[in-house]
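Peer 1: A single structure is presented below for examination.
Nothing in this text is a laboratory measurement; each read-out follows from the coordinates by a stated rule. These numbers were taken from a predicted model, which means no experiment stands behind them. Using ideal geometry, Cβ is built from the backbone for each residue, glycine included, and neighbour counts are taken over all protein chains shown.
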Amino acid sequence: MSKKIAILGIGNDFRGDDSVGLVAIRKAKTLFSEQDSSPEATAKTIESQGEISQILDCFEKHDIVYIIDAVNTPTLKQGEVVRLDLNDKSNAFQMENLSAGTSTHSFNLKQIIDLAEALNTLPAQLVIYGIAGDDFSTTDQLNPRLIASVEQVISMLNTEINGLSHH
Amino acid sequence: MKKELKVKTGLKTRKIQVDYLARVEGEGSLFISTKSGRVDTVQLKIFEPPRFFEAFLRGRQFEEASDITSRICGICPVAYQMSAIHAMERAFNFKPPSFIRDLRRLLYCGEWIESHALHIFMLHAPDFLGYPDAIRMAKDHPESVKRGLQMKKAGNEIVRVLGGREIHPINAKVGGFYKIPSKNELKTLSESLKAAREEALKAVQWVSTFPFPDYSKDYEFVALSHPDEYPLNEGRLISNKGLNIDVSDYDNHFAETHVEHTHALHSSLIARGEYLVGPLARYNLNFDKLPKIVKEAARDIGFSNVCLNPFQSIVVRTLELLFAFDESLRIIENYQPEEFETPSFTLPTKNTTVYSCTEAPRGILYHRYVLNKDGIIEDAKIVPPTSQNQKTIELDLHGVVEKNLHLSNENLTLLCEQTIRNYDPCISCATHFLKLERKDV
């Protein structure tokens, strides 16, 4: 039986690099739609502005969730991509250090994941593709370096999701 | 948010400093000093970068105000839209048809539900149950947290269906809505709202069991009042101490002053000083307008129709949550859309000043605009509810600390944070410069 897969692009169109998750998911939409992919490799693509109940709902309804979001940390250069698999315990340190939210009106992603864990509603697999941002000021422009990173992440996701159908 | 507890203790001096306040929207810090066993100084410091929205609005078309101001806040965008829209419609003496009026109330109910559910379950309840945050509370109270999230989701759905999307809705405009929903589209919300209303009844029971610190005060409560309904979009401004004015008279009764230690302005009644807006004010001034289900729920938990303890604002918020679900269902049940086209508005022949107050989840939100004869905004003034409560919050902190100086610094700090969260302050909205001078080139 094919697993229910979701790709969640989280971001804010008006906070510079923080829009990268939304840009990515809009590009990913056609690639993973039912018309263009094999049944085993389809995934629901969801745009999110980080709203807590939407994200928790997505976790509860899917077996595998991929998240694309901007991350902000001094250990990564702008545009660098990091893949964090929640099931990989060696990622715990990085998760703790990538917990700062850029929104002042909601819970950050780490807190939402912790809440899902407390409520026992985490998906069986949760993977975060973080794209390092640098400029979160009020602008609707995304740095071109991050646009290249979006293509990289989509390619990695495509490989990963297609790989699932062979297991 | 990070919290650092800095304590300086001497023989007679005590300082409590919280550099970052957790579980409020935005960023703020608190400074309290005591001297010789009495509270000496209380300062609630706002250090969000000042906002320039009032300046952004100058030179924009009147229709743009609702979408621009809605960006001030991610948790109460509908409030900003409604205050802007109602203000602009005054310029044209426009009264929307009743079904549009109902849709606006429904949209506002959606926002109240989103905001109140988030605050009650994720921000404030942990204080009363002794948890540092909702995540740790969720481990022991999963059903209650899930209940809160279910209710928030129901509110999100109202805003999505009626507003076009859950966050920063885009469907409301001066004169009505860009797209009027069909009866069936609204009917799809009914089942989840009915279930959520039942959950709200359970939530009222749950919060009524919380241990509430003993504190009360003779506040001046200020809220909208309408002859027929619990206020959301319309009404006169009243208080329990004699205020009864049209919103156009706001600037003759209220004043803002810039306080050195904070970027937010402090509001006061010119005649009497500090006042309180928000759920406690609405409830105390408009209890008789609440539907039967809410009045009975209050009676069942032994909750009076007058509440003077700000710590019990969580109970009032939960009762308002119940109201919002019930009102949403009433509107959906009776909804009859009509053929309607937004009229073309005849622009004023000279500069016109327009006003509005609507009831954001946190209290009255005042907008005032000056429009020129081309419909361009020449000046704007926005007074969010949290600004209006700033002074009262500081005074309440003073009073709470004064009563609890026997507590350890750690426990007193937690109590101060809980006190601030009584007002569900939206600090991100409550900052702006008093004046901005602009030279047109």
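Peer 1: How much of the calculated P(r) for chain B lies past 43 Å, in percent of all Cα pairs?
Peer 2: 11
Peer 1: Using the Kirkwood formula on the Cα atoms of the range B:146-213, what hydrodynamic radius do you get, in angstrom to one decimal?
Peer 2: The Cα-based Kirkwood calculation yields 13.7 Å.
Peer 1: Amide H to amide H under 5 Å from A:ARG15: which residues, 5+ apart in sequence or cross-chain, H placed 1.01 Å off N in plane?
Peer 2: Correct list: A:THR139.
Peer 1: For a quick protection proxy, order the peptides B:251-261, B:374-384 by their average other-Cβ count within 10 Å, most packed first.
Peer 2: Top to bottom by mean Cβ count within 10 Å: B:374-384, B:251-261.
Peer 1: With contacts defined as alpha carbon pairs under 8 Å and 6 or more residues apart, what's the relative contact order of the range B:116-265 in percent?
Peer 2: For the range B:116-265, the relative contact order is 13 percent.
Peer 1: Let me ask something else. Skipping prolines and chain starts, which residues have an amide H placed within reach, meaning under 5 Å, of the one on A:ILE67, given they are 5 or more residues away or on another chain?
Peer 2: Sorted by chain and number, the residues that satisfy this are A:LEU8, A:VAL127, A:ILE128, A:TYR129.
Peer 1: With 5 Å bins from zero, work out the P(r) of the range B:106-198 over every alpha carbon pair and list the percent per bin.
Peer 2: 3, 14, 22, 19, 15, 12, 8, 5, 3, 0
Peer 1: Would you compute the Debye intensity of the range A:1-90 from its alpha-carbon atoms alone, equal scatterers and no solvent, and pass along log10 I(q)/I(0) at q = 0.19 Å⁻¹ to two decimals?
Peer 2: Scattering profile of the range A:1-90, log10 relative to I(0): -0.97.
Peer 1: Still on this model: Could you give the Stokes-Einstein D for the range B:194-247 in µm² per second, using the C-alpha Kirkwood radius, 10 °C, 1.306 mPa s?
Peer 2: The diffusion coefficient I find is 111 µm²/s.
Peer 1: Could you sort out which of A:LYS110/B:LYS202; B:LYS202/B:LYS292; A:LYS61/B:LYS139; B:LYS45/B:LYS153 sit more than 22 Å apart by Cα distance in this structure?
Peer 2: Checking Cα-Cα distances, A:LYS110/B:LYS202; B:LYS45/B:LYS153 exceed 22 Å.
Peer 1: Going from the alpha-carbon gyration tensor of the range B:32-146, what semi-axes, largest first and in whole Å, does one get by taking the root of 5 times each eigenvalue?
Peer 2: They are 37, 25, 13 Å, listed largest first.
Peer 1: Dipole magnitude of the protein assembly as shown about its Cα centre, charges +1 at Lys/Arg Cβ and -1 at Asp/Glu Cβ only, in debye to the nearest 20?
Peer 2: Here the size comes out at about 980 debye.
Peer 1: Another question, then. 5 Å is the cut-off here: which amide hydrogens, built 1.01 Å from N in the peptide plane, fall below it relative to B:GLU220, excluding neighbours closer than 5 in sequence?
Peer 2: It is B:LEU276, by chain and number.
Peer 1: Follow-up. For the protein assembly as shown, what are the per-bin percents of Cα-Cα distances with bins 10 Å wide, up to the bin holding the maximum?
Peer 2: P(r) for the protein assembly as shown, in whole percents per bin: 3, 16, 26, 27, 18, 8, 1, 0.
Peer 1: On to the next question. Starting from the eigenvalues of the Cα gyration tensor, five times each then square-rooted, give me the equivalent ellipsoid semi-axes of the range A:124-165, largest first, whole Å.
Peer 2: 26, 12, 7
Peer 1: Okay, moving on. Which of the aspartates and glutamates could a cross-linker bridge to B:LYS350, judged by Cα under 18 Å and excluding same-chain residues fewer than eight apart?
Peer 2: By straight Cα distance, B:LYS350 reaches B:GLU63, B:GLU89, B:ASP374, B:GLU378, B:ASP379.
Peer 1: How far apart, in nm, are two points set 7 Å out from the Cα along the Cα-to-Cβ line at A:GLN78 and at B:LEU308?
Peer 2: 5.8
Peer 1: With only Lys, Arg, Asp and Glu charged, each at its Cβ (+1 for the first two, -1 for the last two), find how big the charge dipole of chain B is about the Cα centre; round to the nearest 20 debye.
Peer 2: Here the size comes out at about 760 debye.
Peer 1: Picking from B:LEU224, B:TYR178, B:SER144, whose Cα lies most toward the positive end of the charge dipole for the range B:137-229 (charges on Cβ: Lys, Arg +1; Asp, Glu -1)?
Peer 2: B:TYR178
Peer 1: Write out the chymotrypsin sites (Phe, Trp or Tyr not before Pro) in the range B:278-362 meeting two conditions: DSSP loop, and at most 11 other Cβ atoms within 10 Å of their Cβ.
Peer 2: Passing both the DSSP loop test and the Cβ count: no residue.
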